[in-house]
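Trainee: Below is one structure. I have some questions about it.
What follows is calculated from the coordinates using simple rules that are stated; it is not laboratory data. Keep in mind it's a predicted model, so treat the numbers as computed, not measured. A quick note on method: Cβ atoms are made from the backbone with ideal geometry, for glycine too, and the neighbour counts reach across all protein chains shown.
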Ligand code: ADP
């Protein structure tokens, strides 16, 4: 099992949280707040409620009313917001979910000028501020939205953070449209995997990006890059233990799939919460799978509390 280099008391999830528009057939829409690392932070805070482990969300927002709305949502989930930077003149990203007559969902994004893209650039929030945490969780989306010099600075920061006892967790969450090209995404992802203590990849994302023929080949490649701990998510097949110490067999209970949004994000949260509480990889996988199965059984990213 993983021995975190120091006990995990403070966790940070770093990335982009957006305004979500859920379009309805009558032309109206409902507003929400979501984003991969934010979803993970929300489920982490829930899973760790009643413990003395805190969860922070780290991003950049603007000073507009929609950023205020996101701040209110962050607080309402019990997340620490001390490292959310507010930048004058910037605004959060936005995405819309449309559902066609056959129930097929499509996503439209307005995020290319979002405040989160300015995170760690300029005078506000610095990467060194993340040294205050014991566990930092990032995704490939968090990295993809940042300019190349900041991506490079993250690698240097990660080396120092880990050398001084911090634990880094990563999920590549590959979104091709956020990257300049596939070669850049592959190079950035490899650099992150080589610095990851708790790896939480999805087989389908990794296969899309690296062309591995199957999940076992993904695990083999990641182990070759030094990944020693974590879980490879394989949809209905359940997670594969990257430390090769435990075997997880999904329970036989029927899983009703209503909406797979945030399956991986919620899995990561329950997995990391278990590790933070001192559980082993077997328990972490079981907790991750159980939460992900509940999340895909209901519409939307965040289950009612
Ligand atoms: P992502 O959402 O990151 O692509 P997956 O689709 O692999 O990740 O799903 C994450 C986790 O959710 C899986 O490891 C598994 O535990 C659970 N899961 C996803 N789809 C199903 C399903 N159809 N049946 C049971 N569990 C599922």
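Trainee: Pick from the range 254-277 the residues that are free of Cβ contacts under 8 Å to residues at least 40 places away in the same chain and assigned to a loop (DSSP other than H, G, I, E, B): which of them is farthest from the ligand (Cβ to nearest atom)?
Mentor: Out of the qualifying residues, it is 254.
Quick grid of which residues meet (1) in contact (Cβ under 8 Å) with a residue 24 or more places away in the chain; (2) surrounded by 13 or more Cβ atoms within 10 Å (Cβ to Cβ):
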site	(1), (2)
68	no, yes
73	yes, yes
76	no, no
96	yes, yes
112	no, no
116	yes, yes
155	yes, yes
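Trainee: Can I ask one more? Determine which member of the set 175, 151, 234 is within 14 Å of the ligand (Cβ to nearest atom), closer than 30 Å to residue 9 by Cα and free of Cβ contacts under 8 Å to residues at least 40 places away in the same chain. Steps first, please.
Mentor: Values: 175 fails: closer than 30 Å to residue 9 by Cα; 151 fails: within 14 Å of the ligand (Cβ to nearest atom).
On inspection, the qualifying residue turns out to be 234.
Trainee: Which of the residues belonging to the range 236-253 are outside any loop (DSSP other than H, G, I, E, B) and under 19 Å from residue 220 (Cβ atoms)? Spell out the reasoning first.
Mentor: Pass one, the range 236-253, residues outside any loop (DSSP other than H, G, I, E, B): 236-237, 240-241.
Once the filter is applied, which keeps residues that are outside any loop (DSSP other than H, G, I, E, B) and under 19 Å from residue 220 (Cβ atoms), the range 236-253 yields 237, 240, 241.
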